[in-house]
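The values are calculated or read from the model by the stated rules, or taken from the named source; none is laboratory data. All figures in this text were calculated on a predicted structure; none of them were measured in a lab. Heads up, the Cβs are rebuilt from the backbone with ideal geometry, glycines too, and the neighbour counts pull from every protein chain shown. SASA here: full protein model, heavy atoms, side chains in, ligands and nucleic acids out. Shrake-Rupley method; radii C 1.70, N 1.55, O 1.52, S 1.80 Å.
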Amino acid sequence: MKILVGDISESMADFVNRFLGLRYCSVGKGVSVTRRGLAEDILHAAGREDFDLIILTLDNLVYGPAAGPVGCALALIRQLRASRDIPIIATGRRRLASAFAGQALTAGADFFFDAPMNILDFGNAVEELTRGPYSYAPLERGDIPWGVKELIDHWDEIAFCAWEGYEKLGRIVVVIAQDEDNPEGARLTAVRYDYEQGQPDQDVARLIECYDPEYEVVVRFVDVMERLRTLRLKTRPGRAHPKRVWFFEMLRRLTDRPEEVSLEHLPRWFAEALEATGR
């Protein structure tokens, strides 16, 4: 795994090298760390080499003339996003976190951590971003229809549909289409594609084969330019992942409307979880 670390000091690079080196050596995966302290050197390195991950200490870099450290850091993230499709983890000291965190994520970072970082959360973030093919798909782009963005932002409905489809059909895509009965709404359908008939195309097939159904959702929809789009959505920090959303929704249905739930068709792991809690 090749990692580009942006930091003027050696502490972050040393930490990444030692911590991730130990974490991945047990599975036979080496870790190579390249450190750069200048923003322009980071951009240059990212453009020349194929890195698997970029880690930026936003308040410990040297920037060119700009409107303060926050503005410079955000510009750096945007430039990296515009040039390469590489996962980005950003970090900053706690006294600056309120300025960096939300803006850094909006600018294009996949995760933001206060420094010093919780190493367990950091390790999980690295694993999530590097376990399979990566594609950054910002939801802020104006070509995503309002109804689609509303569904994704509210998350639980689309997460439930994704895991429900996975339990019944295996690896699926959640297709978001306009609701014919409600022009302002949208309907969700879990679709399992027929690979023997050449569906879907190679890029979508790769996403379906590699996404983690417990924590990710693959969606397809038609954007405002009438183009078919496919996005791989990761569970955002603070949200319940699809399996957990499904579990608690089914638990609610069993409690409120048990006559509507067929116990015979519930997955074994769910039944075992109910037994373990004495339900």
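Just checking, does segment 31-54 include any residue being touching a Ser or Thr at 6+ places or on another chain (Cβ under 7 Å) and either modelled with pLDDT under 90 or not hydrophobic (A, V, I, L, M, F, W, C) (or both)?
Yes, the conditions are met somewhere in segment 31-54.
How many residues, within segment 225-269, are touching a strand residue (DSSP E or B) at 6+ places or on another chain (Cβ under 8 Å) and either under 29 Å from residue 178 (Cβ atoms) or among the acidic types (Asp, Glu) (or both)?
Selection size over segment 225-269: 9.
Scanning for something modelled with pLDDT under 80 and either assigned to a loop (DSSP other than H, G, I, E, B) or surrounded by 12 or more Cβ atoms within 10 Å (Cβ to Cβ) (or both), does segment 189-196 turn up at least one residue?
Among the residues of segment 189-196, at least one is modelled with pLDDT under 80 and either assigned to a loop (DSSP other than H, G, I, E, B) or surrounded by 12 or more Cβ atoms within 10 Å (Cβ to Cβ) (or both), which makes the answer yes.
Scan segment 18-64 residue by residue and report those that are more than 23 Å from the chain's Cα centre (by Cα) and among the basic types (Lys, Arg).
The answer is 18, 35, 36, 48.
Just need a number here: residues in segment 13-30 that are modelled with pLDDT of 90 or more and closer than 21 Å to residue 73 by Cα.
Within segment 13-30, residues that are modelled with pLDDT of 90 or more and closer than 21 Å to residue 73 by Cα number 1.
List the residue pairs whose Cβ atoms are under 6 Å apart, where the first residue sits in segment 116-141 and is open to solvent by 30 Å² or more (accessible area, probe 1.4 Å) and among the aromatic types (Phe, Trp, Tyr), the second is in a loop (DSSP other than H, G, I, E, B) and modelled with pLDDT under 85, and the two are 6 or more positions apart or on different chains.
So the pair list comes out as 136/85.
For segment 3-22, give me each residue that is touching a Gly at 6+ places or on another chain (Cβ under 9 Å) and farther than 24 Å from residue 93 by Cβ.
Within segment 3-22, 21 is the sole residue that qualifies.
I need the full set of residues from segment 109-134 which are outside any helix (DSSP H, G or I) and among the charged types (D, E, K, R), in order please.
Hits for segment 109-134 are 110, 114, 131.
Give the residue that is nearest to residue 163 (Cα to Cα), with candidates limited to residues of segment 210-221 that are touching a Lys or Arg at 6+ places or on another chain (Cβ under 7 Å) and open to solvent by 40 Å² or more (accessible area, probe 1.4 Å).
214
Go through segment 142-168 and give me each residue that's among the aromatic types (Phe, Trp, Tyr) and open to solvent by less than 10 Å² (accessible area, probe 1.4 Å).
First pass over segment 142-168, keeping only residues among the aromatic types (Phe, Trp, Tyr): 146, 155, 160, 163, 166.
Within segment 142-168, just 155 meets the criteria.
Which one of 7, 14 is over 25 Å from the mean Cα position of the chain (by Cα) and surrounded by 13 or more Cβ atoms within 10 Å (Cβ to Cβ)?
Within the list 7, 14, the selection yields 14.
If the Cβ limit is 6 Å and pairs must be 6+ apart or interchain, which residue in segment 234-259 that is part of a loop (DSSP other than H, G, I, E, B) pairs with which residue that is among the aromatic types (Phe, Trp, Tyr) and surrounded by 17 or more Cβ atoms within 10 Å (Cβ to Cβ)?
Going by the 6 Å Cβ cut-off, the qualifying pairs are 235/215; 239/155; 241/215.
Of all the residues that make up segment 55-72, how many are modelled with pLDDT of 85 or more and in a loop (DSSP other than H, G, I, E, B)?
Summing the residues that are modelled with pLDDT of 85 or more and in a loop (DSSP other than H, G, I, E, B) in segment 55-72 gives 5.
Every residue in segment 225-257 that is open to solvent by 80 Å² or more (accessible area, probe 1.4 Å) and either of a type in the set (A, V, I, L, M, F, W, C) or in contact with a Lys or Arg (Cβ under 8 Å, 6 or more places away or on another chain) (or both), please.
Across segment 225-257, the qualifying residues are 225, 228, 248.
How many of the residues making up segment 89-108 are open to solvent by 30 Å² or more (accessible area, probe 1.4 Å), in contact with a strand residue (DSSP E or B) (Cβ under 8 Å, 6 or more places away or on another chain), assigned to a helix (DSSP H, G or I) and modelled with pLDDT of 75 or more?
The total comes to 1.
So residue 178 ticks every box in (1) part of a strand (DSSP E or B); (2) modelled with pLDDT of 80 or more; (3) farther than 13 Å from residue 158 by Cβ but one. Which box is left unticked?
(2)
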